[in-house]
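Peer 1: One structure coming up, written as structure tokens, with questions to follow.
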Amino acid sequence: MARKLKSDKLLFTATLLLVCISIVMVYSASAAIATERWQEPYRFLFKQAAWVLIGLSLMPIVMRIDYRSYRQPVVIWTALGIVTIALIAVLFSKEVNGARRWMLLGPLGIQPSELAKIAIILFTAALLERRMERINELSYALLPIGLATGGIVGLVLIEPDLGTAVSILVIASAMVFAAGVSYRYVVGLIIAAIPALWVVIMTSPYRVQRMLAFLDPWSDPQGGGYQ
């Protein structure tokens with residue numbers, strides 16, 4: 001007999017709500033540009049809705065997979081290996097708007113850096129579970145996470161994609177913090193990250209412009225501020 005599907009109703013509802021909000025936000029952010037370039041205000045809305053429908057149709061299948069299988073070493077190392085190869089391969093892809101972030105597989109475009117988030121989550125969660133009792137030992141628990149995360153973040157920065165790189169770093173850091181790591185490591189990471197982030201931003205003119213637009217979006221409402 002097939003296993004009955006169970007889910008956290010609150011989490012499930014929150015996820016669906018976020019998906020619905022994302023569709024609205026995509027339309028809000030893209031309608032003007034889609035109308036100007038293609039005279040199709042709903043162009044990106046329909047694309048986003050199509051991917052949502054595909055995701056919802058695959059959800060019952062994925063829900064039947066025992067989540068404990070994700071912590072198997074073969075799954076984790078395979079995911080990290082594939083993501084690393086994809087992040088290296090994408091550096092040789094066609095440059096679009098000054099960056100190399102997308103791999104084309106037929107009609108589909110895949111962004112390896114997004115898959116990297118999943119790989120890092122699986123790796124960090126599995127390692128923390130196995131080494132929780134010695135989480136504050138730098139070389140035993142924290143160093144492997146730092147090396148894996150740092151390597152992935154470095155490849156993403158080369159694309160370049162600062163936003164996704166920071167997201168991956170924040171995700172891994174939040175997981176380690178939630179696992180109960182000592183505050184001295186958290187403070188040390190923040191102290192080290194601030195100047196590093198400053199250097200990465202200030203050495204790239206377009207990042208400086210985006211930061212200025214973020215701080216004062218009304219200075220260029222139809223350009224960087226609009227985005």
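The values are calculated or read from the model by the stated rules, or taken from the named source; none is laboratory data. None of the values given here were measured: they were computed from a predicted structure. Cβ placement follows ideal geometry from the backbone for every residue including glycine, while neighbour counts extend to all protein chains displayed.
Peer 1: Restricting the search to the stretch 30-45, which residues are surrounded by 13 or more Cβ atoms within 10 Å (Cβ to Cβ) and assigned to a helix (DSSP H, G or I)?
Peer 2: Passing the criteria: Ser30, Ala31, Ile33, Ala34, Thr35, Arg43, Phe44, Leu45.
Peer 1: For Leu56, all conditions in the list (1) more than 30 Å from Tyr206 (Cα to Cα); (2) surrounded by 15 or more Cβ atoms within 10 Å (Cβ to Cβ); (3) not assigned by TED's automatic domain parsing to the domain that holds Met175 hold save one; what is the number of the exception?
Peer 2: Tallying (1) more than 30 Å from Tyr206 (Cα to Cα); (2) surrounded by 15 or more Cβ atoms within 10 Å (Cβ to Cβ); (3) not assigned by TED's automatic domain parsing to the domain that holds Met175, Leu56 fails exactly one: (2).
Peer 1: Within the stretch 167-186, track down each residue that is without any contact (Cβ under 8 Å) to a residue 24 or more places away in the chain and touching a Ser or Thr at 6+ places or on another chain (Cβ under 9 Å).
Peer 2: Ser173, Val186
Peer 1: To continue, here is another question. Inside the stretch 115-149, can you point out the residues that are surrounded by 14 or more Cβ atoms within 10 Å (Cβ to Cβ) and under 14 Å from Val83 (Cβ atoms)?
Peer 2: Those that are surrounded by 14 or more Cβ atoms within 10 Å (Cβ to Cβ) and under 14 Å from Val83 (Cβ atoms): Leu115, Ala116, Lys117, Ala119, Ile120, Ile121, Leu122, Phe123, Thr124, Ala148, Thr149.
Peer 1: Among the residues that make up the stretch 135-145, is at least one of them of a type in the set (D, E, K, R) and either closer than 19 Å to Lys117 by Cα or not assigned by TED's automatic domain parsing to the domain that holds Ala116 (or both)?
Peer 2: The answer is no, given that none of the residues of the stretch 135-145 is of a type in the set (D, E, K, R) and either closer than 19 Å to Lys117 by Cα or not assigned by TED's automatic domain parsing to the domain that holds Ala116 (or both).
Peer 1: If you don't mind, another one. Scan the stretch 1-19 and give yes if some residue there is among the hydroxyl-bearing types (Ser, Thr, Tyr) and within 18 Å of Ile118 (Cα to Cα), otherwise no. Break it down stepwise before answering.
Peer 2: Pass one, the stretch 1-19, residues among the hydroxyl-bearing types (Ser, Thr, Tyr): 7, 13, 15.
This time we only want the ones that are within 18 Å of Ile118 (Cα to Cα), so: 15.
For the stretch 1-19, residues among the hydroxyl-bearing types (Ser, Thr, Tyr) and within 18 Å of Ile118 (Cα to Cα): present.
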